[in-house]
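The block underneath contains the structure these notes are about, expressed in C-alpha cells.
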Number of protein chains: 2
Amino acid sequence: MVRLVRAGLRWLPRFSLPTLGLRLRPMTTHPSIETSRLAEILRDARLRVESALGRFVPESLNGAWSNCPPRLAEAMRYSLMGGGKRLRPVLCLLAAEACGGDSENALPAACALEMVHTYSLIHDDLPAMDDDDLRRGRPTCHKAFDEATAILAGDGLLTLAFEVVARYTQPASAAADCVRALAEGAGPIGMVAGQMADLEAEGRDDATIEALEAIHRRKTGALLRASLKMGGIVAGANERVLQGLVDYGHAVGLAFQIIDDLLDVEGDETKLGKRVNKDSGLGKWTYPGLLGIPGSRARARALAEEAVAALAPLGERGTTLRTLAMDLLERDR
Amino acid sequence: MVRLVRAGLRWLPRFSLPTLGLRLRPMTTHPSIETSRLAEILRDARLRVESALGRFVPESLNGAWSNCPPRLAEAMRYSLMGGGKRLRPVLCLLAAEACGGDSENALPAACALEMVHTYSLIHDDLPAMDDDDLRRGRPTCHKAFDEATAILAGDGLLTLAFEVVARYTQPASAAADCVRALAEGAGPIGMVAGQMADLEAEGRDDATIEALEAIHRRKTGALLRASLKMGGIVAGANERVLQGLVDYGHAVGLAFQIIDDLLDVEGDETKLGKRVNKDSGLGKWTYPGLLGIPGSRARARALAEEAVAALAPLGERGTTLRTLAMDLLERDR
C-alpha cells in the first residue's frame, strides 16, 4: 500500500506495511496527517474542552456555586462559552497525548488555560485598555454587561483557573508545577507584561521587529508556551521534552500572531467576528507594518518550520502538533 | 509567683511554677497574652511578611523579572508595599505556628494572601467600581498611575500570588491545597462574589442583617478564612483543626468588618489613611446603619468570643490567635 502523506508542506509517498506493523518511509523530515484528519482531532479536542468548561462554570448555581451572584456567573459564561478556537486548551491536550499521557488528566489544565485567555480578552477589551466593543462576533463583556461586572468576571475566571488546576490535576506535584507554569505564563513576567508593553508601544514611532517580537513573546507567546508545557507536565514528560514543547510553543505563538496581524489587514470581518484594520487605526505595531505582507508570510513560515523542528525529541508522536503548526499558516479566522 | 493574665476579657490570676515547668491555672477558659506582647508578635510577623514581599516583587528587574515593564512593577510595588495591617498574612503565619508548623514555610502563602488582598483593593478602587482616590493615606493605584496600569497591576499581583504559593510551598500536596484554598477564597464563590454582591446591593433599600453578612462572608470573610486555613495546611493540620481555624476566620472576618464600618462612622481620618463617612454617602449597607452603634459593638464582641471558642481544638497553642480576636475590638485604624 502506498499513500500520499504530507511531510512539512510537501506531499510524499508513504509505504506502509500494516500487517507487520512496520512502515517504510523515504528519508524525509517527519510524516504528517491529512488536513481533514487534523480538523477532526482539533474539533474533538475543542468539544471536550467546551463540555468541561461548561461544567467548571455551571449554568445552575448549586452547592458552592450558590455563593456566586447570578449576574457574575452569567458574565463569566457569556465570555467563556462564546466560541473561539480554543487553541490553548487544544494545544495542551495534544501535548499531553504527544507525551504519552492521559489527556483526560490534562483537561483541567486545558480549561484553566482557556479561562485565563478569556479573562485576558475581557480585561484587554475594557475602555481603559483597547476599548473594543466586538469580540468573537458579539458585544464585548463590558458592553453586554457593564464595566464593573466585566472586571470582576475577568478576575473570577483568572482565579477559578488556578482552583481548577490545583483541585483536579493529579498527582499533586503535577498540579503545583502546572499552577507555576500557568502563573509564569500569565503573570507580570508573561502575558500581563506583554499587554503592558503593548499599551506602552502604542503610537510610538520607533518600532523594530525585535521590539515587536518582545511584546508578542510575552503577550500571546507566554501563555501558548505554558499551554504546551502544562500538557507535558501532566503527562510526566522529562526536561528535554518539556523544553521541546516550550520551543514549539514559542515559535507557534509568534507565527500565530503574525497570521493574526495579516488577517487584520487582509481578513474577512464576517469570518473573524471582529473588526479588521483596527490595529493601524490604533497606531499599533504590526508585522505587516514592519515587514510588509510577503515578509510577514515568510517569517510566519520560517517560524512554523522552527516549531516543527523543535518537536524532534517527541519523534513520531509529535505528528499532530507538527501538522498543526504548518496548518496555522492557512487559517482564515 | 502569681501573675495576672487576661482570659478572654477578664483578668485572672495565673499560678506558675517555672522551676518545675508546671503551671497551675484556675479552671478558666483559655489564658491570654499581654497586649504589648501581642503587638510585638504582630509587628515581627508583619516585618517578616514585608521583607518577603519586597523580594517577591523585586525593585531591581533582573533575571526573569527583566520581562516585566518597569512601570508595571512599580505600580505593583506601589500598592503592595504601601503599608497596611498585613492582617491576612499575619493570620496565616500565626495559624501555622499555632498548628506547630514552621512559619517560614508559610511565608510564601502569607505573601500570596497579601498580594491577593492588594489586587482586590486596586480593582475595587477603580472608577467603574468604588471610585476611590485615597487608600492607605496615598493616591490609589489608578490615580498614581493610570487605569490601564492599575488593572494590569491588579491582574499581575493576583497571578503572581499563585506562582509564589505553587513554587515555594513544601510539600507539593500542601502547595496544591493552598492554591485551591486561596482560589476558593478569592474567586467567584468567594471574594469576587462578595464584591459583586456589594455592588449590586448599593442603593437598594431592602437591607437586612442577613443580607449584609452574606456580602461580608464572601467579600472579606472568604479570604480571611483562607488565610487561617492555608497556615494550617502548610503546618499539616488535621481536618478538625482546619475546621476550627476556618470557623475562627469566619467570626474574626465579620467582627473585623463591623469594626471597619464603625471606624467609617466614628474613626479618625488621619489614623485610617482614608476618607470616613464614605459608606453612607455611597448608599452602602453598613452594620451601624442596620444595628446602630451599640448593637454593632455587641455583635462584634459576640463574634470575637465565637472566634475564641472555635480554637478549642488547638488548646493552649491557640493563645495568640485568641488574644488577637479580642484585641481586634479595640483597633482604631
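Residues in the range A:170-209 that are of a type in the set (S, T, N, Q) and within 20 Å of the chain's Cα centre (by Cα): A:GLN195 only. Contact map, the range B:57-72: first residue farther than 14 Å from B:LEU157 by Cα, second residue open to solvent by 80 Å² or more (accessible area, probe 1.4 Å), Cβ cut-off under 8 Å, separation 6 or more or different chains; pairs are B:LEU61/B:PRO70.
Do we have A:ALA226 as closer than 22 Å to A:ASP327 by Cβ and more than 12 Å from chain B (Cβ to nearest Cβ) here? No, not satisfied. Residues that are under 19 Å from B:PHE162 (Cα atoms) and facing chain B (nearest Cβ under 8 Å) within the range A:191-213 comprise A:VAL192, A:ALA193, listed in sequence order. Going by the structure shown, is A:TYR248 within 12 Å of chain B (Cβ to nearest Cβ) and either open to solvent by 20 Å² or more (accessible area, probe 1.4 Å) or of a type outside the set (D, E, K, R) (or both)? No: the conditions fail for A:TYR248.
For the range B:150-190, a residue qualifies if it is within 20 Å of A:PRO188 (Cβ to Cβ), of a type in the set (Ser, Thr, Tyr) and either free of Cβ contacts under 8 Å to residues at least 60 places away in the same chain or at the interface with chain A (Cβ under 7 Å from one of its Cβ atoms) (or both), and exactly one does: B:THR159. When the residues of the range B:136-149 are filtered to those that are within 23 Å of A:ALA183 (Cα to Cα) and not hydroxyl-bearing (Ser, Thr, Tyr), the one that is farthest from the other protein chains (Cβ to nearest Cβ) is B:CYS141.
Hey, can you tell me all the residues within the range B:182-204 that are open to solvent by 10 Å² or more (accessible area, probe 1.4 Å) and outside any loop (DSSP other than H, G, I, E, B)? Matches in the range B:182-204: B:GLU184, B:MET191, B:ALA197, B:ASP198, B:LEU199, B:GLU200.
What is the number of the single condition among (1) part of a helix (DSSP H, G or I); (2) within 11 Å of chain A (Cβ to nearest Cβ); (3) open to solvent by less than 10 Å² (accessible area, probe 1.4 Å) that B:ALA109 does not meet? Checking B:ALA109 against (1) part of a helix (DSSP H, G or I); (2) within 11 Å of chain A (Cβ to nearest Cβ); (3) open to solvent by less than 10 Å² (accessible area, probe 1.4 Å), the one that fails is (2). Residues in the range A:119-128 that are of a type outside the set (Asp, Glu) and either buried (at least 24 other Cβ atoms within 10 Å of the Cβ) or within 11 Å of chain B (Cβ to nearest Cβ) (or both): A:TYR119, A:SER120, A:ILE122, A:HIS123, A:LEU126, A:PRO127, A:ALA128.
The values are calculated or read from the model by the stated rules, or taken from the named source; none is laboratory data. What you see is a predicted model, and the numbers here were worked out from it, not measured in a lab. Please note: Cβ atoms are built from the backbone with ideal geometry, for glycine as well, and neighbour counts cover all protein chains shown. We work out accessible area using only protein heavy atoms, side chains counted, and drop any ligands, DNA or RNA first. Shrake-Rupley method; radii C 1.70, N 1.55, O 1.52, S 1.80 Å.
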